[in-house]
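Presented below is the structure to which this report refers.
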Number of protein chains: 2
Amino acid sequence: MLRNIDPLLTPDLLHALCAMGHGDEIAVVDAHYPADAAGRASSVGKALRIDGADSARAIKAILSVLPLDSFVESPAQRMMVDGQPDEWPHVQREAQHEVDRGNGKPTPMTAVPRKTYYERARQAYAVVITGETRGWGCFIFKKGLDVTPDVPSSEGRAHISSYLARGDLP
Amino acid sequence: MLRNIDPLLTPDLLHALCAMGHGDEIAVVDAHYPADAAGRASSVGKALRIDGADSARAIKAILSVLPLDSFVESPAQRMMVDGQPDEWPHVQREAQHEVDRGNGKPTPMTAVPRKTYYERARQAYAVVITGETRGWGCFIFKKGLDVTPDVPSSEGRAHISSYLARGDLP
């Protein structure tokens, strides 16, 4: 438990989200998904867990700290219902609400066929299994960046330490 | 790098701060301290690093997420200058400013004799070495808790998942 950080974000999950860089992907899957195997194949090397929450609540926690990639058209994706690309199960509609809210603007999720999703999850940086018991609660998010404006460092914000503010180091 | 989290907090440091529980201690030491040895003896088992910042900046980052313990009289402590318990080096005055600000109220650091500090650091949950090059930049913080009010769960805030809000589980 930390101040100002969603309590669903465990030490291992926080570590992974922070270690991810621009373009790395995280798969958020429902409780039925073969997440342990996918997690072992992922960069992290093990599945991460948010057992006590459904898809929307887990996504809310993750997007409270993870910026989505603005360099691509679809930084958020959902698993397509087999043969029904336009079908939106309730679990995905609830997730879409949290994606829009977390990203601060409408960010429609595109659909990924199930077989393709399986491959993508294994290639992800991390795989997070949730407590979601409904089907089709599977999503992929691509990490973006909140970049510091390119202003002179003397105007602040460009450096994270206070060395330069002290003026005693180059 | 994460949204809404100080960029000085690395994946390993975030992991440690989040994994700490009520009463666990973290030692924040200057660049001269035998931190590697102390870190190996700590619960984490290795020293954590905030190389690019001085003491005050590092403390600001840590206290942006770490609550201080309200159960004890001195949740924040500083290394005492040998034989001069009332001496406050600049590095410690700057740190005191960040402690007060981070904890939201005046929280005077008490002084720990140097030899005692060495023992305390080795028994800490974590040891963080900073880029502080001045001497006496050594501190100990005891983790507290922002506890959820004891209200009926139906009024919210007492549970972190949305299972109960859905009403379909006990």
**Asked** Can you name every residue in the range B:70-123 that is surrounded by fewer than 20 Cβ atoms within 10 Å (Cβ to Cβ) and touching a Gly at 6+ places or on another chain (Cβ under 6 Å)?
**Response** B:S70
**Complete:** Residue pairs within 8 Å by beta carbon, gap of at least six or interchain, first lying in the range B:64-92 and within 14 Å of chain A (Cβ to nearest Cβ), second hydroxyl-bearing (S, T, Y), listed first then second, are B:L68/B:T107; B:P75/B:T107; B:V91/B:S55
**Selection from the range B:30-40 of residues that are out of contact with any Ser or Thr (no Cβ under 7 Å at 6 or more places or on another chain) and surrounded by 16 or more Cβ atoms within 10 Å (Cβ to Cβ)** = B:Y33, B:A35, B:A38, B:G39
**Asked** What about A:A56, is it more than 14 Å from chain B (Cβ to nearest Cβ), within 14 Å of the chain's Cα centre (by Cα) and under 19 Å from A:Q77 (Cβ atoms)?
**Response** no
**Item:** Subset of the range B:96-137 (residues that are part of a strand (DSSP E or B) and either away from chain A (no Cβ under 14 Å) or not polar (S, T, N, Q) (or both))
**Value:** B:T110, B:A111, B:V112, B:A126, B:V127, B:V128, B:I129
**Message:** Checking B:A16 against (1) within 9 Å of chain A (Cβ to nearest Cβ); (2) surrounded by fewer than 22 Cβ atoms within 10 Å (Cβ to Cβ); (3) within 16 Å of the chain's Cα centre (by Cα): exactly one of these is not met. Which one?
**Reply:** (2)
**Message:** Going by what's in this entry, would A:I5 be described as facing chain B (nearest Cβ under 8 Å) and among the β-branched types (V, I, T)?
**Reply:** yes
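Here, each number is a calculation from the coordinates, and none is a lab measurement. These numbers come from a predicted model, not from an experiment. Because the Cβ atoms are built from the backbone with ideal geometry, glycine has one as well, and the counts that use them run over all protein chains shown.
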